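See structure below.
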Amino acid sequence: MISEIEAAAPEFLVFVRVSFSWLEQKDSNRLVLDWADQYARSNYRAVGLVDIESMDRTVYSWDEKGVVATPRSEYFVWIFKRNDSSRGAQAAGL
């Protein structure tokens, strides 16, 4: 999966941080999750945050230039947009 994502260099990445979504447990292999964190930080900028604070309250933060909000709950979704320079580097094989 990692090589497929790197080769595709998608315009957007969506990272769902909801424990029951991944069924992550203390002995789960975190390779993809750890890689995704580093890959997103290096090649993308956060443009959206969906912070699921409770069953009754969800806070949405959107900014094309970048979201600076920090999730307040343990359940959230990040939306990342590829940096323009990242696609050029990918196409050049860098």
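Of all residues in the range 1-16, those that are touching a residue at least 12 places away in the same chain (Cβ under 8 Å) have Cβ atoms under 6 Å from Cβ atoms of residues that are surrounded by 10 or more Cβ atoms within 10 Å (Cβ to Cβ) and not aliphatic (A, V, I, L, M), 6 or more apart or on another chain, in I2/W35; A9/R87; A9/Q90; E11/R82; F12/K81; L13/Y44; L13/F80; F15/W78. Taking first residues from the range 22-34 that are modelled with pLDDT of 75 or more and partners that are surrounded by fewer than 10 Cβ atoms within 10 Å (Cβ to Cβ), the Cβ contacts under 7 Å between residues at least 6 apart in sequence or on separate chains come to V32/M1. Based on this model, can you work out whether P10 counts as modelled with pLDDT of 95 or more, under 13 Å from the mean Cα position of the chain (by Cα) and assigned to a loop (DSSP other than H, G, I, E, B)? Here the answer is yes, as P10 does meet what is asked.
The set of residues in the range 42-66 that are part of a loop (DSSP other than H, G, I, E, B) and either more than 23 Å from P10 (Cβ to Cβ) or touching a Gly at 6+ places or on another chain (Cβ under 6 Å) (or both) comprises E53, S54, M55, D56, R57.
So which residues in the range 44-66 are under 15 Å from F76 (Cβ atoms) and aromatic (F, W, Y), if there are any at all?
Residues of the range 44-66 that are under 15 Å from F76 (Cβ atoms), as a first pass: 46-55, 57-62.
Hits for the range 44-66 are Y60, W62.
Sort out which residues of the range 20-41 are of a type outside the set (A, V, I, L, M, F, W, C), in a helix (DSSP H, G or I) and either surrounded by 11 or more Cβ atoms within 10 Å (Cβ to Cβ) or in contact with a strand residue (DSSP E or B) (Cβ under 6 Å, 6 or more places away or on another chain) (or both), and write them in order of number. Can you show your working first?
Applying the first criterion (of a type outside the set (A, V, I, L, M, F, W, C)) to the range 20-41 yields 21, 24-30, 34, 37-39, 41.
Still in the running and in a helix (DSSP H, G or I): 21, 34, 37-39, 41.
Within the range 20-41, D37, Y39, R41 meet the criteria.
If we scan the range 51-62, do we find a residue that is within 25 Å of E24 (Cα to Cα) and either buried (at least 17 other Cβ atoms within 10 Å of the Cβ) or modelled with pLDDT under 90 (or both)? Yes; the residues of the range 51-62 include at least one that is within 25 Å of E24 (Cα to Cα) and either buried (at least 17 other Cβ atoms within 10 Å of the Cβ) or modelled with pLDDT under 90 (or both). Considering the range 61-83, and only residues there that are out of contact with any helix residue (DSSP H, G or I) (no Cβ under 8 Å at 6 or more places or on another chain) and charged (D, E, K, R), the residue that is farthest from E6 (Cα to Cα) turns out to be R72.
The values are calculated or read from the model by the stated rules, or taken from the named source; none is laboratory data. What you see is a predicted model, and the numbers here were worked out from it, not measured in a lab. Heads up, the Cβs are rebuilt from the backbone with ideal geometry, glycines too, and the neighbour counts pull from every protein chain shown.
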